[in-house]
Amino acid sequence: MYRTLAADEVIATLARLERRIRERFQGAGLARVCAELTEIARQTHLRSSEIARPNLWLRGTVALVLASGAALLLFLGAKVWSSTKTSDDLYATLQGIDSGFNILVLMGAALFFLFSIEEKVKRRRALKALHELRSIVHVIDMHQLTKDPSTEASVNQPTASSPKRLLAPHELARYLDYCSEMLSLTAKVAVLYAQSFPDPVVTEAVNDIERTSASLSQKIWQKINIMERSLDKRRPPAETGES
């Protein structure tokens, strides 16, 4: 039960996170990004299921090639056998054996191509979808880019081009926390592809998204820690009751 990542649970968590963002920050662009990520997660559930399913049309083509090659080999074998019974033409027998060997080589090449093309098609679809998730990761990072708690301790005056700082410290902490959650959930959505299609190239692309998400999330938590330390300095010292 707990050995695979449940796509339905990831989607439900994203939908709940979207509601939390809308309820706390009405009209925020981050909520729209989360809504888009939720929709991508729903599409990922369908796409990953389709990728995991075997391509019956392609596998039917492979079976047809096998059957045709086997029939041709039987036909050539029968011709070679009949020629050895009716004549002593060694050259014709060797020519038939050589033709059969060439057919076997061509069949092997065709089968390798047909078996690999299914994997290549699935890999291309998964990598295209993962590129979409990688872009979402950087969109989330853009939304938290100007949410810098260290500016509160700065003595410099803002310029005309400075971003507006409209969030109170506790609101800023929640906003940054939501960004961190979205980054983590984006990585979980990416894992659904590696889970349904354990291809080395796809797995490495998923790992890259996980590393990027973790790195950006770590930077966000550094901001939260800076803000918490700043708030601790502002709090009055606790009264100990000693005279």
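I'd like the full set of residues that are surrounded by 18 or more Cβ atoms within 10 Å (Cβ to Cβ) and small (Gly, Ala, Ser), limited to segment 15-57.
Within segment 15-57, ALA31, ALA41, SER48 qualify.
From the set of residues in segment 205-237 that are modelled with pLDDT under 85 and of a type in the set (D, E, K, R), which is nearest to ARG174 (Cα to Cα)? Break it down into steps so the answer makes sense when it comes.
From segment 205-237, those modelled with pLDDT under 85 are 226-237; that's our starting set.
Imposing the further condition that a residue be of a type in the set (D, E, K, R) reduces the set to 228-229, 232-235.
Working: GLU228: 12, ARG229: 16, ASP232: 17, LYS233: 20, ARG234: 19, ARG235: 20 Å.
For segment 205-237, the residue satisfying everything is GLU228.
Taking interchain pairs and intrachain pairs at least six residues apart, which have beta carbon atoms under 6 angstrom, with the first residue in segment 123-142 and surrounded by 14 or more Cβ atoms within 10 Å (Cβ to Cβ) and the second of a type in the set (Ser, Thr, Tyr)?
Matching pairs, first to second residue: ALA126/TYR193; LEU133/THR186; ILE136/THR186; VAL137/THR186; VAL137/THR212; VAL137/SER213.
If we scan segment 210-225, do we find a residue that is farther than 22 Å from GLU36 by Cβ and under 11 Å from the mean Cα position of the chain (by Cα)?
There is no residue in segment 210-225 that is farther than 22 Å from GLU36 by Cβ and under 11 Å from the mean Cα position of the chain (by Cα).
Could you please let me know if GLU36 is at pLDDT 90 or above, charged (D, E, K, R) and within 24 Å of the chain's Cα centre (by Cα)?
On the way: at pLDDT 90 or above: yes; charged (D, E, K, R): yes; within 24 Å of the chain's Cα centre (by Cα): yes.
The answer is yes for GLU36.
Determine whether segment 65-72 contains at least one residue that is at pLDDT below 75 and of a type in the set (Val, Ile, Thr).
Among the residues of segment 65-72, at least one is at pLDDT below 75 and of a type in the set (Val, Ile, Thr), which makes the answer yes.
How about segment 4-38: which of its residues are aromatic (Phe, Trp, Tyr) and in contact with a Cys (Cβ under 6 Å, 6 or more places away or on another chain)? Even if it seems obvious, please write down each step before you answer.
Within segment 4-38, the first condition is being aromatic (Phe, Trp, Tyr), and the residues that meet it are 25.
Within segment 4-38, no residue meets the criteria.
Looking at THR4, THR44, THR13 in this structure, which one is part of a loop (DSSP other than H, G, I, E, B) and at pLDDT 75 or above? Explain how you work it out, then say what you get.
On the way: THR44 fails: part of a loop (DSSP other than H, G, I, E, B); THR13 fails: part of a loop (DSSP other than H, G, I, E, B).
So the residue among THR4, THR44, THR13 that is part of a loop (DSSP other than H, G, I, E, B) and at pLDDT 75 or above is THR4.
Going through TYR193, TYR178 one at a time, which residue ends up being modelled with pLDDT of 85 or more, more than 11 Å from the chain's Cα centre (by Cα), of a type in the set (Phe, Trp, Tyr) and part of a helix (DSSP H, G or I)?
On the way: TYR193 fails: more than 11 Å from the chain's Cα centre (by Cα).
When all the criteria are applied, what remains is TYR178.
Of everything in segment 1-37, what is in contact (Cβ under 8 Å) with a residue 24 or more places away in the chain and among the hydroxyl-bearing types (Ser, Thr, Tyr)? Give them in sequence order.
THR4, THR13
The values are calculated or read from the model by the stated rules, or taken from the named source; none is laboratory data. None of these values were measured; they are calculated from a predicted model. Cβ atoms come from the backbone with ideal geometry, glycine included; neighbour counts cover every protein chain shown.
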